[in-house]
Amino acid sequence: MRVTVSFVDGRLEEFDSDRLTRPDPLPGRSVLSDLVLSLGDDGIWLELDYYDSQGVAEGEALRRRRGWRAQLATPKELGSVSRVDVDGAARWLRAGGGLVDVSRLDDVRAMLDDGPSDLPALSAWAYRTGLSIPEVAGDDPRDATERVCAWMGVPAGSLEFLSRVRATVSQTSDPGFGGAS
């Protein structure tokens, strides 16, 4: 897995799990690696676990062994992360003040329908759709926005920003506005 973290100041950090520093870094006889990339208030983390076959008879279940955690971005750096790519595909993308989970938003589009492809229109479409699904929006309208935003991987602040971008683009593409037709 190759993880590329881009920052608003132009800095780029690339992390590559395919080229480990030792030829056989895991103890025993590792037959499978488990890589977990996560984003949270404590930063961006990559966790590496492994499945050791040493001492396990053929046909028996292998158990996951805990490996290591590597912090790819600290909580302080999160505010300046502009995007995170995994193997060349966008995973998180900054929109306004938050990081949009592009992969989750694509999952929502694939699960429900073939929605719009641009991020502002897709976010608006997924939000409206999520509000119409009681299992997603919940029973209390006061927390519906928070629940739907979590479901679609778009922070509420990013949804507001994307809505403003969408409105601006719509206005500038209107021939009567003086923009491109």
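The values are calculated or read from the model by the stated rules, or taken from the named source; none is laboratory data. Bear in mind the structure is a predicted one, so any value in this text is a computation, not a measurement. For accessibility, only protein heavy atoms count, side chains too; no ligands or nucleic acids. Shrake-Rupley method; radii C 1.70, N 1.55, O 1.52, S 1.80 Å.
How do the helices (runs of 4 or more DSSP H) wholly within region 37-151 filter down when requiring 1 or more residues that are small (Gly, Ala, Ser), over 25 Å from residue 17 (Cα atoms) and over 12 Å from the mean Cα position of the chain (by Cα): which remain?
Passing ranges, in order: 102-112, 119-131, 134-137.
Considering each of 52, 139 in turn, give the residue that is acidic (Asp, Glu) and closer than 21 Å to residue 36 by Cα.
52
Here's a check for you: in region 34-56, which residue that is hydrophobic (A, V, I, L, M, F, W, C) and open to solvent by 50 Å² or more (accessible area, probe 1.4 Å) is modelled with the highest pLDDT?
39
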